[in-house]
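Quick notes on the structure that follows.
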Amino acid sequence: MSTGADPDEAALIQRCQAGDVAAFDALVARYSSWVYNLAYRVTGHPDDAEDVAQEAFVRVFKSIRRYRRGAAFSTWLYRVVTNVCLDEVRRRGRRPVPLSSAARPDAEPPDFADPAAGPEEIALQRERRDAIQRAIASLPPKHRAVLVLCDLQGMSYEEAAQVIGTRVGTVKSRLNRARLALKEKLEPAMELIRSG
C-alpha cells in the first residue's frame with residue numbers, strides 16, 4: 001500500500017475524476033486484494049469481506065470527484081473501507097450469520113502457508129490463523145478496526161485517527177483495550193500460537 005505521492009496513481013485518479021472507467025478499473029486492480037484483506041480482518045467473514053470490498057469500490061466510484069489530492073489516496077481509501085466495514089459489522093449484529101458461510105471451505109481467505117511445510121505444519125498454521133481471526137472478530141467493532149489498522153496494517157496512531165475520524169488519544173485507548181481483550185481471548189489458545 002503506497003502512502004507517498006505516486007505519479008502513476010495521481011494520473012489514474014485524475015482520469016477517474018474525469019470519468020475514465022478504465023482508469024477506475026486500474027485503481028480497483030491495484031487495491032482490490034488490499035481492500036479485501038482489510039475487510040476480511042475487520043468483518044471476520046469471507047462473504048462479508050467480498051460484499052464490503054464491492055460496496056467500498058462503489059462508494060469510491062461515486063465520490064472520487066470529491067477526493068482532494070492534498071491527502072494520500074490510500075488514507076482516503078482506508079477511511080472508506082473502514083466505514084463500510086463498520087457499517088457491515090453493525091448490520092450483521094442485527095442479523096444472524098448463516099452457518100453455511102462460516103463453514104464453507106471454499107470461502108476461506110487466501111492461504112499463505114509455507115509451501116515447504118508438511119501437512120501437519122500447514123494444518124497447525126491454519127488452526128493458528130483461524131484462532132487469531134476468531135479472537136479479532138469477537139472484539140467490539142471500533143476496537144477491532146483500530147487493532148487491524150495499527151497492528152495488522154502498520155498504521156501510526158495519527159494515520160489511524162485520520163482514517164477513523166477521531167483523536168489520537170482515542171485511537172491509543174481503543175488499541176490498548178483491543179490488545180488486552182485479544183490477549184485474554186487468546187489465552188486458551190496460547191500453546192497453539194506459541195508452537196509456531
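Leu12 - would you say it is more than 20 Å from the chain's Cα centre (by Cα) and part of a helix (DSSP H, G or I)?
Spelling it out, Leu12 is indeed more than 20 Å from the chain's Cα centre (by Cα) and part of a helix (DSSP H, G or I).
Only one residue in Leu124, Leu139, Leu152 is hydrophobic (A, V, I, L, M, F, W, C), surrounded by 15 or more Cβ atoms within 10 Å (Cβ to Cβ) and under 11 Å from Val42 (Cα atoms), so which one is that? Only one candidate qualifies: Leu139.
Among the residues making up region 47-59, those that are over 22 Å from Lys142 (Cβ atoms) and surrounded by fewer than 17 Cβ atoms within 10 Å (Cβ to Cβ) are Asp47, Glu50, Gln54, Val58.
Residue-by-condition table, conditions (1) in contact (Cβ under 8 Å) with a residue 60 or more places away in the chain; (2) under 17 Å from Arg144 (Cα atoms):
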{"site": "Asp8", "(1), (2)": "no, no"}
{"site": "Ala26", "(1), (2)": "no, no"}
{"site": "Ala39", "(1), (2)": "no, yes"}
{"site": "Thr43", "(1), (2)": "yes, yes"}
{"site": "Ala49", "(1), (2)": "yes, yes"}
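Could you grab me the full set of residues in region 1-29 that are within 17 Å of Arg79 (Cα to Cα) and at pLDDT 90 or above? Once the filter is applied, which keeps residues that are within 17 Å of Arg79 (Cα to Cα) and at pLDDT 90 or above, region 1-29 yields Ile13, Leu27, Val28. The set of residues in region 165-178 being of a type in the set (Gly, Ala, Ser), closer than 17 Å to Leu86 by Cα and assigned to a helix (DSSP H, G or I) consists of Ala178 alone.
Within the set of pairs 6 or more residues apart or between chains, which connect a residue that is under 17 Å from Asn37 (Cβ atoms) inside region 69-85 to a residue that is at pLDDT 85 or above and of a type in the set (Gly, Ala, Ser) with Cβ atoms less than 6 Å apart? From residues that are under 17 Å from Asn37 (Cβ atoms), the pairs are Val80/Ala56; Val81/Ala56; Thr82/Ala145; Val84/Ala56; Cys85/Ala39.
Each residue in region 7-46 was checked for being of a type in the set (S, T, N, Q) and buried (at least 20 other Cβ atoms within 10 Å of the Cβ), and 1 pass.
The values are calculated or read from the model by the stated rules, or taken from the named source; none is laboratory data. Here the structure is a predicted model, which means the values were calculated and not measured. Counting neighbours? That spans all protein chains shown, and the Cβs are built from the backbone with ideal geometry, glycine included.
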